[in-house]
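For reference, the structure discussed in these notes is given below.
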Amino acid sequence: MAEKEHQEVHRSLQTRHLSMIALGGSIGTGLFVASGSAISTAGPGGALLAYVGIGIMVYFLMTSLGEMATYLPVSGSFSTYATKFVDPALGFAMGWNYWFNWAITLAVDISTAAIVMQFWLPSVPGWVFSLIALVLIFTINALSVRSFGETEYWLSLIKVVTVLVFLVIGVLTIVGIMGGHATGLSNFTYKKAPFVGGIPTILSVFVVAGFSFQGTELIGITAGESATPEKSIPAAIKQVFWRILLFYILAIFVIAAIIPYTSKDLLGSSASDIAISPFTLVFKRAGLAAAASVMNAVILTSVLSAANSGMYASTRMLYSLSLQGYAPKTFGRVDRRGIPIMALLGTTVIGLLTFLSSLFGERIYIFLVSASGLTGFIAWLGIAISHLRFRRAFVKQGHQLSELRYHAKWFPFGPWFAFILCVVVIIGQDLHSFATLDWQAIGVTYMSIPLFIILYVYYKIRHHTKMIPLDKVDLIRKKHHQD
């Protein structure tokens, strides 16, 4: 049977693809637009603290994921690791949770693409652009994994170049070479700066920073289709750390130095506020007239890149769930080009339905988006737990750490730090609503948690699973075929 020969996805992603995917995954509207709201909420110091904290946590999570992904490169990544190293019920809940998150995010991204396009063509109805974006992303993902990798590589490159240009222009503006007069660092001590609003506000900005970094864990998902996972993954992780530091921390520093935190222009947090993206404002301050149009184009590539990654991640997760017996078998089918085509179709349909709900049922759409809100943090928690269990099982079964191709540094501090910070950020999402007992707001903010628990409990009761004893954890590596 022709189908059988092509049951596996193709390993054709190069190191450069993986590095850019991980980086591109974390540079998006979170940096280009929402970073301004972080500064206006917690002041320059608070925003920097939040981004540094989450940046360090993400780095530790990437090293944890890297250690597992170089040892066992699979498409389902952390869902598979949770199944193998912790408890099948956790793998089941994490996989569905993550798939749902990206399928919803895909819908959010295609809606955003329409908003961005209307900056140039305000008379064309938004759904036209969204439909074009969805068809385009579906096609890129249906062609081959290589076409996904190449597209992502170039879209990410545009974002990276933009940030670099921004940093140069920003620094020149701060010292007064561009934009007329030097701002220096006076905005860091302006009024209540650097820290505004104390710990609760800084905590709420941790959430904004956390959303900005979501997508870095895509390295783990691409591992299953990497040509040389042992080389590519460590290389990609090393670069991600420096890039997070360079891009995020420096970009926020530049924005905070040039625009006072009290500026109303920093309040924009969605793509419709493009004219007041902090990047646009800084370019305008430097005297670049076409700033808004250029930044709009960059944000468009950024949104398309996020949708492209989202489509890829959710498709691979659904494919992996099927292989593990957690989803219908049909989603495990792979076509001749190595694409899990049924999983791609399934994800596209959910993305389309969610998008349609944004047109016809605003409330359903808001419900879906908030339901996927915390799922990224839940995935990160799962990575930390899986890594702690993996390492303990590895040692318990008599293996030497020298057998690992890649070592997570600072073990066990890294996964524990990530675990605790994730829990703090999840709880601290909306402390204000707890203080005022606003149950509706609490429900909307924390909805992902009961959904995750329902998935977990359902599987546990139905299949009577238990936590796998460390000496029974399956650490056998299967040889992968080179395609």
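Matching residues to (1) farther than 27 Å from residue 317 by Cβ; (2) assigned to a helix (DSSP H, G or I):
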site	(1), (2)
35	yes, yes
41	yes, yes
66	no, yes
73	no, no
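If you go through region 84-104 and keep only what is open to solvent by less than 10 Å² (accessible area, probe 1.4 Å), under 18 Å from residue 449 (Cα atoms) and among the aliphatic types (A, V, I, L, M), you end up with 89, 93, 94, 103, 104. When residue 127 is tested against (1) out of contact with any Phe, Trp or Tyr (no Cβ under 9 Å at 6 or more places or on another chain); (2) open to solvent by 70 Å² or more (accessible area, probe 1.4 Å); (3) not polar (S, T, N, Q), exactly one condition is not met: (1). When residue 221 is tested against (1) of a type in the set (A, V, I, L, M); (2) open to solvent by less than 20 Å² (accessible area, probe 1.4 Å); (3) farther than 26 Å from residue 370 by Cβ; (4) assigned to a helix (DSSP H, G or I), just one condition goes unmet, and that condition is (3). Taking every residue in region 127-140 that is within 16 Å of residue 339 (Cα to Cα) and touching a residue at least 40 places away in the same chain (Cβ under 8 Å) and pairing it with any residue that is of a type in the set (D, E, K, R) and buried (at least 19 other Cβ atoms within 10 Å of the Cβ), at least 6 positions away or on another chain, the pairs with Cβ-Cβ distances below 9 Å are 137/109; 140/152.
Scanning region 387-446 for residues that are polar (S, T, N, Q) and open to solvent by less than 70 Å² (accessible area, probe 1.4 Å), which turns out farthest from residue 84 (Cα to Cα)? Looking at the filtered set, the residue picked out is 433. Sort out which residues of region 84-131 are of a type in the set (Val, Ile, Thr), closer than 24 Å to residue 296 by Cα and either at pLDDT 95 or above or not in a helix (DSSP H, G or I) (or both), and write them in order of number. Within region 84-131, 124 is the sole residue that qualifies.
The values are calculated or read from the model by the stated rules, or taken from the named source; none is laboratory data. No experiment lies behind these values; they were computed from the predicted model shown. Note that each Cβ is placed from the backbone with ideal geometry, even for glycine, and that neighbours are counted across all protein chains shown. Each accessible area value is taken on the protein alone, full model and side chains, heavy atoms only, with ligands, DNA and RNA left out. Shrake-Rupley method; radii C 1.70, N 1.55, O 1.52, S 1.80 Å.
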